[in-house]
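The values are calculated or read from the model by the stated rules, or taken from the named source; none is laboratory data. Worth saying up front: this structure is predicted, and the values here are computed from it rather than measured. No Cβ is skipped: glycine too gets one built from the backbone with ideal geometry, and neighbour counts run over all protein chains shown.
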Amino acid sequence: MALCFNAFCQTSEQFVKLADKAFDSGEKRKAKELYLKAAAMNNAEAHFDIAYKFIVTHEESVFHFSEAAKLGHKEALEYALDELFFRANNLTEANPEYAYEIYKAAKKINPTLEIYDEEPKVLTLERCIEADPFDAKAFIKEYNIKDTELDDAYGIWELAAEASRGGRFGTPNPKLVLQLVSRGGFVPAELEIAVDFAYKNWKANTVFEFNVCDYVVSSFGYSYCSAKDEEEANKEYLGRLKKLSSQLKNGAGETLMNTFNVASRFIEEKAWKEELHGGSGYATWTRESIMQQKKEYLDLIEKINSFYGRDSIIAIGDSDKMLNQIYQIVIDTLKNSPITDFNAEVNALDLRSVQRLWIKYRDSSALLFSQIDPSVSKQQWNNWLTAVRVKELREILAMAKEMR
């Protein structure tokens, strides 16, 4: 045996060393074959490396992370728990019971093993298991759940929200809400919070309304919820527009919808390209700005219809010259040095795009406003809207100076 050069004489650790060397030299196929040999000999590191270093199927990933975890591998345990539960977000593949079994097996073989946020994670698993068993395939078939519903990022949680109200699932069911919440997580912190709330209501037999956006804490979640808010806001705008169309004086309601659409395009372009909503929550903050500005635009139309503040409008003189001067200064400044932030930029090209839409916005709005209240001319409204635009451009210039 001392003279044996056969591969069968090698230990799993030796296979892993050879695999590491092959992987580092770019021989990926050879490396995987060697890792698989070591994994077949119950080497935890080999199991982990197969799932971590290579593109494998979901089933293979779960298998190898789970096998490594059961052998006491800390990182593998964290990945296995994520794949099976905390980041599963899959009605049929999320498996809190198996995740918990793997956790117990890992702790048994390696009692000193500790994972991040361990106590709340274990508690979350135990609470979900208490509400099971849950036959996901039977549930999908019984209620004719579409793939499009499950493919949406928070689709399973939206099903939980429906279950909390009844919907197609009949009487509001706190237990079903918890079972669905348990399988819809892909941000561990969100899942822990949502499960905690759903579990307590189920144990108290309390019917409650589950709202997805009450539990999001991630930038993706905030963006998702801001998009939902925007959708609801658009419905609200349509309701207000319909009501205003019949209330505006001098038949101005006939052109209201078209004018609002022009204003909306300008507001959206300005928010995305000019306001520098940077950072991880840029989409949320941009949408919030858009919604607020559209609301304020409709508020303004209502005020004009009530002859509110006409004296301040009439008092403003010709602002075109001032606009042209400040606009050219801002363009030159941005050509020299665009304003940048994480996920956001204000540059000269985008400013020109916004300005073109603003001209259409100014002209259509001034026409509508003067039709509602003919005592204030279209030119006077042009002057007022131009003065507002001058202020916005000055804010961009101030921002450019501040960012230097």
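Restricted to segment 276-289, and to residues that are without any contact (Cβ under 8 Å) to a residue 60 or more places away in the chain and touching a helix residue (DSSP H, G or I) at 6+ places or on another chain (Cβ under 6 Å), which residue is nearest to Glu392 (Cα to Cα)? Before you say what the answer is, go through the steps one by one.
In the first step, residues of segment 276-289 are kept if they are without any contact (Cβ under 8 Å) to a residue 60 or more places away in the chain; the result is 285-286, 289.
Checking the rest, the ones that are also touching a helix residue (DSSP H, G or I) at 6+ places or on another chain (Cβ under 6 Å) come to 286, 289.
Details: Thr286: 16, Ser289: 14 Å.
Here the residue is Ser289.
Scanning segment 316-344 for residues that are touching a helix residue (DSSP H, G or I) at 6+ places or on another chain (Cβ under 6 Å) and within 23 Å of Trp285 (Cβ to Cβ) yields Val330, Leu334, Ile339, Asn343, Ala344.
Any idea which of Ala80, Ala46, Ala105, Ala94 is outside the structural domain of Lys141 (by TED's automatic domain parsing) and either among the small types (Gly, Ala, Ser) or assigned to a loop (DSSP other than H, G, I, E, B) (or both)?
Ala46
The residues on offer are Gly166, Gly170, Gly155, and the sole one that is surrounded by 17 or more Cβ atoms within 10 Å (Cβ to Cβ) and either on the phi < 0 side of the Ramachandran plot or out of contact with any helix residue (DSSP H, G or I) (no Cβ under 6 Å at 6 or more places or on another chain) (or both) is Gly155. Looking only at segment 190-215, residues that are in contact (Cβ under 8 Å) with a residue 60 or more places away in the chain and among the hydrophobic types (A, V, I, L, M, F, W, C) come to 3 in all.
If you take the residues in segment 301-314 that are of a type in the set (A, V, I, L, M, F, W, C) and either over 29 Å from Arg352 (Cα atoms) or at pLDDT 95 or above (or both), which one is surrounded by the fewest Cβ atoms within 10 Å (Cβ to Cβ)?
Residues of segment 301-314 of a type in the set (A, V, I, L, M, F, W, C): 301, 304, 307, 313-314.
Filter once more, keeping what is either over 29 Å from Arg352 (Cα atoms) or at pLDDT 95 or above (or both): 301, 304, 307.
Values: Ile301: 23, Ile304: 24, Phe307: 12.
Among them, the one singled out is Phe307.
The condition of being farther than 22 Å from Ile267 by Cβ and in a helix (DSSP H, G or I) holds for only one of Lys335, Lys295, Lys303, that being Lys335.
Could you tell me whether any residue of segment 31-41 is outside any loop (DSSP other than H, G, I, E, B), among the basic types (Lys, Arg) and either over 21 Å from Glu126 (Cβ atoms) or touching a residue at least 40 places away in the same chain (Cβ under 8 Å) (or both)? Yes: one or more hits. All of Phe85, Phe63 fail the test of being at pLDDT 95 or above, in contact with a Pro (Cβ under 9 Å, 6 or more places away or on another chain) and assigned by TED's automatic domain parsing to the domain that holds Asp135, apart from Phe85.
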